[in-house]
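The values are calculated or read from the model by the stated rules, or taken from the named source; none is laboratory data. Given the structure is predicted, the values throughout are model-derived calculations rather than measurements. Every residue, glycine as well, gets a Cβ built from its backbone with ideal geometry; the counts of neighbours run over all protein chains shown. Areas reflect the complete protein model, heavy atoms only, side chains present, ligands, DNA and RNA absent. Shrake-Rupley method; radii C 1.70, N 1.55, O 1.52, S 1.80 Å.
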Amino acid sequence: WMVEMLRRFNLPVTVMDEEKCVEIESSSGLDNPFESAQVVLLPMEMLLANPAREEQLASADFDLLVVDEAHHLIWPEQLTGEAETEAQSTGVQAYQMVEHLAAVIPGVLLLTATPEQLGRMSHFARLRLLDPHRFASYESFLEEEQGFEPVADVVERLLEGFEAGDETEALAQTLSQWLEVNPEDLQDEAGQLAVVNQLLDQHGTGRVLYRNTRQSVSGFPARELHAHPLPCPENYTDCQDLLTPEVAVDDWLASDPRVDWLVNQAQSLKPHKLLVIAHHAATVLQLADHLREKHGIHAAVFHEGMSLIERDQAAAWFADFEQGTPLLLCSEIGSEGRNFQFAQHLLFFDLPDHPDLLEQRIGRLDRIGQSDTIHLHVPYLENTAQERWFRWYNEGLNLFAKTNPAAQQIHTELAEQLKQGDTDDVIKASQQRSEALLQAMQKGRDRLLEYNSCRPEAAEALYEAACEAEQADVLADFMHQAFDAFGVHHEEHNMGSEIIRPTDEIHGYFPHLMEEGMTVTYRRDIALANENMHYLTWEHPMVTELLDMILSEEKGNTCFAALKGSGMKPGLLFFECRYVVAASGHADMQLSRYLPSQTVRLLFSETGIQVGGKLTEKLVNKFKVRVPRHTAMEVMKLKLNVVKQLMLKAESAIKEHMPDLLAASAEQAQSQLQAEIDRLRQLAEHNGQVRPEEVAHLEQGLSQVSKAIDQTQPQLDSIQVLVTM
């Protein structure tokens, strides 16, 4: 998380553990260490081990709580009367802790790639954390879901090109049970889309749940399976029902054929990067020692016994294509969260006992940003549990070829039967059950979720706006000029990336430049595929601080120049000034949506007439030349009174310009926020899914935004005096 937040989004976070908290308390005098940072990253285990830290976190006035791998949270109601396992007990404690924090922190975001790993009740339990008012009863939730299918059918008809005609009145009649709609509303695509948006608003869990599936999001690679059946050694005879028999046998490295298989794969697949995942940390450590001592293969290791920094170092060593290791050995902890999409080969030293864990392992490589087909290498010992589970995953669930959302439910129904050895029957039943469940999942809630989670028209508009705002080429040109000006060396590295490093001639401080140098890229696709590169954007701290350094300097605030060869009469004086207009307020007001920071350019002739429309910035830059300092001073002495009068003209002009500018911004804010307020009021009347506090929050926000815009004042940014010659 720390690496992702920094390198993908340029957002530095403060990593907290118990030792860090104690250090802050003792050195700073703060009673609450969480008040020392704006963005905090911490392991859940820390809070579970020390309830006092949970109370401190709850009282630290955070705005947003993000919980990753939220499927590990277990609602107490999910458990039956059986004795809790240690993992279940931890999951229950974690759920209760998050429930406590969610009650006091305004924003809550739960993330999981396997939302139904523990069944429908666990799915409801997470929705309950997000909105306990809306999701108060599991029974009511199930009953409500049954009504989603007819809504989804109508949405699908409208989205797949419904043509107005004889059926329009019948469809309007069907819609009348949910909406006030007339046949005229369905005559064109815009009207149909408006009806769809209303339906999605009023039905399902779309206001609190978003799920993007591979069917709706492109960019994922193909998968290719390489199965490797191996003979089962004699010393595993008594543990053939174990997926990890090595844990039950001493000196297993000498007899397990998977070890020689791994050595051969590491040698034959050079120089490709190989990610190896085994369930137990002990297996990983023993394999690493064996590979190093017997075969001279130095592999990075990644397991739960390592500190966060040690795991980051191992991942960075593996990601380094020049001096790094081609082999990374991971325990099961490596199957969650980490991104290794720069590799194309995943080697399973063993198989997990749950299909979601299998998918999470594959997900380390099978991600957006993966540039090639991924190869899944699966060795298994013949006539053992490994072969049974491999066949079930491959033939029964087809998991090595693609994801299967029905796998969790089938695992719940058939896993015990598979453990008993009924492989062929389980595979046949799994195929049939999978087909039925997948068909059912195409109806009702899942379709509504998919439509609501990614609305193509809105998504495309957002994507185009984001691409336009990136201006990667402009940023690259700007940074190259800045590097040259400050004495920072830059050279091309690979396609789309470059290396920057300080030189002996560096001029003062350059923000966020590492002494050992950095590999940077201005392209998002390259950054996604290369964790070791820093992604420079206009929001990167290096860029923003560099801009602040330039803009906060007095040098450049005023300028005297001549216009040579412009064709205008020599001796004419022009006065140019620039004002910055930017609203200020709390970040959650998002004032830049309505009044983005902008520069107003005013250019006056010596007679006081505005001529900026004719003498454009492009023309000025075309004819502008430097003037000796003494000449500039002589001219300014002669024209000082004129310049002062023109300055007063500029102040008067910007004051006349501001009301129209602010009125347009206020109107835009009123239009957008009032539309959202009206929408929530309508939803509240229709199905009670919106609380009065939500409407009041938006109304208060509209009032604050309007006030902030109304109080905005222009700030003089720069002055330039131009003389023709």
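The strands (runs of 3 or more DSSP E) found entirely in region 509-600 include none that carry 2 or more residues being open to solvent by 80 Å² or more (accessible area, probe 1.4 Å).
Looking only at region 486-493, decide whether some residue is closer than 23 Å to Val3 by Cα and of a type in the set (A, V, I, L, M, F, W, C).
Taking region 486-493 first, the residues closer than 23 Å to Val3 by Cα are 493.
Filter again for of a type in the set (A, V, I, L, M, F, W, C), leaving none.
No, region 486-493 has no match at all.
The residues in region 606-641 that are closer than 20 Å to Ser566 by Cβ and touching a strand residue (DSSP E or B) at 6+ places or on another chain (Cβ under 8 Å) can be counted, and the count is 15.
Output the number of residues of region 347-372 satisfying the condition of being open to solvent by 40 Å² or more (accessible area, probe 1.4 Å) and among the small types (Gly, Ala, Ser).
Number satisfying all stated conditions: 1.
Scanning region 304-325 finds one or more residues that are closer than 30 Å to Ala406 by Cα, over 21 Å from the mean Cα position of the chain (by Cα) and open to solvent by 40 Å² or more (accessible area, probe 1.4 Å). Across region 229-252, the qualifying residues are those that are without any contact (Cβ under 8 Å) to a residue 24 or more places away in the chain and closer than 18 Å to Pro352 by Cα, and the one among them that is least open to solvent (accessible area, probe 1.4 Å) is Cys239.
For (1) closer than 30 Å to Asp366 by Cα; (2) under 24 Å from the mean Cα position of the chain (by Cα); (3) surrounded by fewer than 18 Cβ atoms within 10 Å (Cβ to Cβ), each residue gets a yes or a no:
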{"residue": "Asp61", "(1), (2), (3)": "no, yes, yes"}
{"residue": "Leu65", "(1), (2), (3)": "yes, yes, no"}
{"residue": "Gln78", "(1), (2), (3)": "no, no, no"}
{"residue": "His100", "(1), (2), (3)": "no, no, yes"}
{"residue": "Ala113", "(1), (2), (3)": "yes, yes, yes"}
{"residue": "Ser137", "(1), (2), (3)": "no, no, yes"}
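Scanning region 654-701 for residues that are more than 32 Å from the chain's Cα centre (by Cα) and closer than 25 Å to Gly147 by Cβ yields Glu685, His686.
Hey, among Glu553, Glu545, which residue is touching a His at 6+ places or on another chain (Cβ under 8 Å) and free of Cβ contacts under 8 Å to residues at least 60 places away in the same chain?
Numbers: Glu553 fails: touching a His at 6+ places or on another chain (Cβ under 8 Å).
One residue alone meets the criteria, Glu545.
For region 253-262, filtering for residues that are of a type in the set (A, V, I, L, M, F, W, C) and open to solvent by less than 10 Å² (accessible area, probe 1.4 Å) leaves 2. With respect to (1) within 30 Å of Glu667 (Cβ to Cβ); (2) in contact with a Lys or Arg (Cβ under 7 Å, 6 or more places away or on another chain); (3) touching a residue at least 40 places away in the same chain (Cβ under 8 Å), the lone exception for Leu595 is condition (2). With respect to the conditions (1) out of contact with any Ser or Thr (no Cβ under 9 Å at 6 or more places or on another chain); (2) open to solvent by 60 Å² or more (accessible area, probe 1.4 Å); (3) assigned to a loop (DSSP other than H, G, I, E, B); (4) at pLDDT 90 or above, Ser26 falls short on a single one, namely (3). Cβ separations smaller than 6 Å between residues 6+ apart or across chains give the following pairs from region 258-280 residues that are farther than 21 Å from Asp353 by Cβ to residues that are open to solvent by 20 Å² or more (accessible area, probe 1.4 Å) and part of a helix (DSSP H, G or I): Val259/Leu253; Val263/His295.
Considering the conditions (1) open to solvent by 20 Å² or more (accessible area, probe 1.4 Å); (2) within 30 Å of Asp153 (Cα to Cα); (3) β-branched (Val, Ile, Thr), Ile410 is excluded by exactly one of them, (1). Evaluated against (1) farther than 21 Å from Glu145 by Cβ; (2) open to solvent by less than 50 Å² (accessible area, probe 1.4 Å), Tyr451 falls short on exactly one condition, (1).
The residues on offer are Glu468, Glu491, Glu505, and the sole one that is without any contact (Cβ under 8 Å) to a residue 40 or more places away in the chain, charged (D, E, K, R), surrounded by fewer than 15 Cβ atoms within 10 Å (Cβ to Cβ) and in a helix (DSSP H, G or I) is Glu468.
Scanning region 201-228 for residues that are more than 21 Å from the chain's Cα centre (by Cα), modelled with pLDDT of 80 or more and open to solvent by less than 30 Å² (accessible area, probe 1.4 Å) yields no hits at all.
Just the residues that are farther than 18 Å from Met518 by Cα and of a type in the set (S, T, N, Q), please, taken from region 458-496. Residue satisfying the conditions is Gln471 alone. Tallying residues that are outside any loop (DSSP other than H, G, I, E, B) and touching a Leu at 6+ places or on another chain (Cβ under 8 Å) within region 72-114 yields 17.
Residue-wise test of (1) out of contact with any helix residue (DSSP H, G or I) (no Cβ under 7 Å at 6 or more places or on another chain); (2) surrounded by 18 or more Cβ atoms within 10 Å (Cβ to Cβ); (3) touching a residue at least 40 places away in the same chain (Cβ under 8 Å).
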| position | (1), (2), (3) |
| --- | --- |
| Ala675 | yes, no, no |
| Arg681 | no, no, no |
| Gln700 | yes, no, no |
| Lys707 | yes, no, no |
| Val721 | no, yes, yes |
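Answer yes or no as to whether Leu308 is in contact with a strand residue (DSSP E or B) (Cβ under 7 Å, 6 or more places away or on another chain), closer than 28 Å to Arg223 by Cα and in contact (Cβ under 8 Å) with a residue 40 or more places away in the chain. Here the answer is no, as Leu308 does not meet what is asked. Residues of region 369-381 include at least one that is more than 25 Å from Arg338 (Cβ to Cβ) and either β-branched (Val, Ile, Thr) or in contact (Cβ under 8 Å) with a residue 24 or more places away in the chain (or both).
Out of curiosity, is Glu163 modelled with pLDDT under 80, farther than 30 Å from Gln341 by Cβ and part of a loop (DSSP other than H, G, I, E, B)? Let's see the steps before the verdict.
Numbers: modelled with pLDDT under 80: yes; farther than 30 Å from Gln341 by Cβ: yes; part of a loop (DSSP other than H, G, I, E, B): yes.
In short, yes.
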